[in-house]
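Heads up: the structure comes next, in structure tokens.
The values are calculated or read from the model by the stated rules, or taken from the named source; none is laboratory data. Since we're looking at a predicted model, the values are computed, not measured. Neighbour counts run over all protein chains shown; Cβ positions are idealised from the backbone, glycine included.
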Amino acid sequence: MKFDDNGLVPAVIQDADTKEVLMLAYMNDESLRRTQQTKETWFWSRSRGELWHKGATSSNTQNVVDLFVDCDQDALLVRVRPNGPACHKGERSCFHQAVPSETVGDSVWDAGNLGHQLERLFAIVESRKRELPDGSYTSYLFKEGLDKILKKVGEEASETLIAAKNDNHRQFVSEVTDLLYHLVVLLSARDTTLAEISVELERRGRPQLNNDAKPI
């Protein structure tokens, strides 16, 4: 490893299953060694000037699956299976706030890319399915089972149709968002990924089709 002048290297922590980036921290030689020995993440706190074991006080430890070093050997990728939120604010990932970008020629702030938002939502839903934490609506849906999820998708689809007929744009956006959320839950329940849907959409966008699917 090529440590910087302070004896540190940045370490990107990634969920080994969902591939979601959970946090960015720093390691020195000792914390890297402890991480390899204990199979749990250890870091160097630049603000406190001391080693810290992730989850030592919160119990939100991270079980290390594997480690990778980048081509310049000055950064680490640590793939883990988290036992709870990575962020001290209780969020699954420290990267839970989208950076707003101003729309050209307009004062409206864009909340972010829909594709990225769906990927983040899918990762959270997958986590809820795996961990089933108490107090989570998503956990409740998975505990109730597929029939409950299908019922909610049907209800949200009907509410979306009703909102589309009414002259209330904000309500329509809200209902579409609810429908998208429940569709993502359904995808997860049926072990279907967003990537599969993306591939199918791309296929339907091609000029020539050799099946019964209608071209876009």
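Numbers at a glance
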quantity	calculated
Residue within the range 175-194 that is at pLDDT below 95, within 19 Å of Ser93 (Cβ to Cβ) and aliphatic (A, V, I, L, M) present	yes
Qualifying residues in the range 127-174 (those that are at negative phi and outside any helix (DSSP H, G or I)) - the one modelled with the highest pLDDT	Asn166
Hits in the range 32-56 - residues which are exposed (fewer than 15 other Cβ atoms within 10 Å of the Cβ) and within 18 Å of Arg81 (Cα to Cα)	Gln36, Gln37, Thr38, Lys39, Ala56
Flag for Gly115 being of a type in the set (Gly, Ala, Ser) and either modelled with pLDDT of 85 or more or part of a loop (DSSP other than H, G, I, E, B) (or both)	no
Residues that are within 21 Å of Ala123 (Cα to Cα) and loosely packed, with under 15 Cβ neighbours inside 10 Å, drawn from the range 1-31	Lys19, Leu24
Hey, Gly115 exposed (fewer than 12 other Cβ atoms within 10 Å of the Cβ) and at positive phi or not	no
Matching residues, the range 12-31, being of a type in the set (A, V, I, L, M), part of a strand (DSSP E or B) and either modelled with pLDDT under 95 or within 12 Å of Ala86 (Cβ to Cβ) (or both)	Val12, Ile13, Val21, Leu22, Met23, Leu24, Ala25
Output for the range 32-53, where each listed residue is outside any helix (DSSP H, G or I) and among the hydroxyl-bearing types (Ser, Thr, Tyr)	Thr41, Ser45, Ser47
